[in-house]
Amino acid sequence: MTPLMHQGPNGAIAYEALPGSGPAIVFLGGLKSDMTGTKASFLRDWCARRARAFLRFDYTGHGASAGRFEDGTIGAWTADALSVIGAATAGPLVLVGSSMGGWIMLEVALAIPDRMAALVGIAAAPDFTEELMWEAFTEAQREALLRDGVVTLPNPYDPAGYRIGRALIEEGRTRLRLPGPIPITAPVRLLHGQRDSEVPWRTALRLAERLASEDVRVTLIKDGDHRLSREPDLALLAETISGLGA
C-alpha cells in the first residue's frame, strides 16, 4: 500500500481513505502503532467488501508520517486526526479507537460531536500518560524526564524501548478525562481483554461510568490480551460495529 499524504498542522500525515456508504469508519491506532497493523488492515478489508467508507492514518511521528515520535502529545495527535478526518471524510462517523486511540477517540468526539454516529473502544486507554506512565515511573525515570526532556521506557513491542517526551506527560495532564463526566452522548461500545497486561480492564468500566451517553455497553473478553487481534477478537469487533446499526 502506498499511502496518500495530507499536510496537517504538525506535518505530513500518511493515510488511506476508501470511498463508500456511511457512516464512515475511522480507525485510530495506539501508541507507536501504524495503519498497517492487524486491526487497521482487518477493518480496511472488511469495509472494502461492504463498499463502506473507511479511513486509516498514521499520527505524526508514527509509521509513514512526518515528525519525531518523542515530540508528540495527545493534543497534537488529536489535531492530526481532526485534520485528516476533515480532509478525507464527510458526514457521520464511527470512530474505532485502539489503546491510546481510545483516548484520541474521546478527544475527536468532543471536538466534533455533531458528526458522531458511534464510538468503539478496543482496550481504550484514556489518561494513560498519567496513570500508566508517570505514576508508574521510578524516581530515576522521573528525574531523567524532567532533566533531559525524554526518557526511554522498556516495551515488549520494541527492544529499543519507547522514547517518551516530557511534553506527552505534561500536555496529557490537561486532557485527563476519567476524573469527571465526559459529555459524549453517542452510542459507545467498549471491548477489553481481562488478560490485558498494559491497560487494566477496569478502565473500561470507569470510562463507561463517566460517559454521558445512556447507550454504553462494555464487553469483557476473559482470555483477551491488550491487542485483541486474534481471529475471534476481530470477528467480535466486526460484530460490534454491525450491531450498532450505524
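The values are calculated or read from the model by the stated rules, or taken from the named source; none is laboratory data. Just so it is clear, the model here is predicted, and its values are computed rather than measured. Please note: Cβ atoms are built from the backbone with ideal geometry, for glycine as well, and neighbour counts cover all protein chains shown.
You will find that of T240, T152, the residue that is at pLDDT below 95 and either assigned to a helix (DSSP H, G or I) or among the β-branched types (V, I, T) (or both) is T152 and no other.
Within segment 178-215, track down each residue that is among the charged types (D, E, K, R) and either surrounded by fewer than 20 Cβ atoms within 10 Å (Cβ to Cβ) or more than 30 Å from N155 (Cα to Cα) (or both).
R195, E198, R202, R206, E209, R210, E214, D215
Taking segment 77-98 as the range and being within 21 Å of V199 (Cβ to Cβ) and either in contact with a strand residue (DSSP E or B) (Cβ under 7 Å, 6 or more places away or on another chain) or at pLDDT below 95 (or both) as the test, the residues that pass are A81, L95, V96, G97, S98.
Out of the residues in segment 155-177 that are part of a strand (DSSP E or B) and without any contact (Cβ under 8 Å) to a residue 40 or more places away in the chain, which is surrounded by the most Cβ atoms within 10 Å (Cβ to Cβ)?
Top of the filtered list is G161.
Looking at I74, I164, I122, can you tell me which residue is in contact with a Phe, Trp or Tyr (Cβ under 7 Å, 6 or more places away or on another chain) and under 21 Å from V199 (Cβ atoms)? None of the others qualify; the one that does is I74. Condition check for S229 on (1) surrounded by 18 or more Cβ atoms within 10 Å (Cβ to Cβ); (2) in contact with a helix residue (DSSP H, G or I) (Cβ under 9 Å, 6 or more places away or on another chain); (3) touching a residue at least 40 places away in the same chain (Cβ under 8 Å): one failure, at (1).
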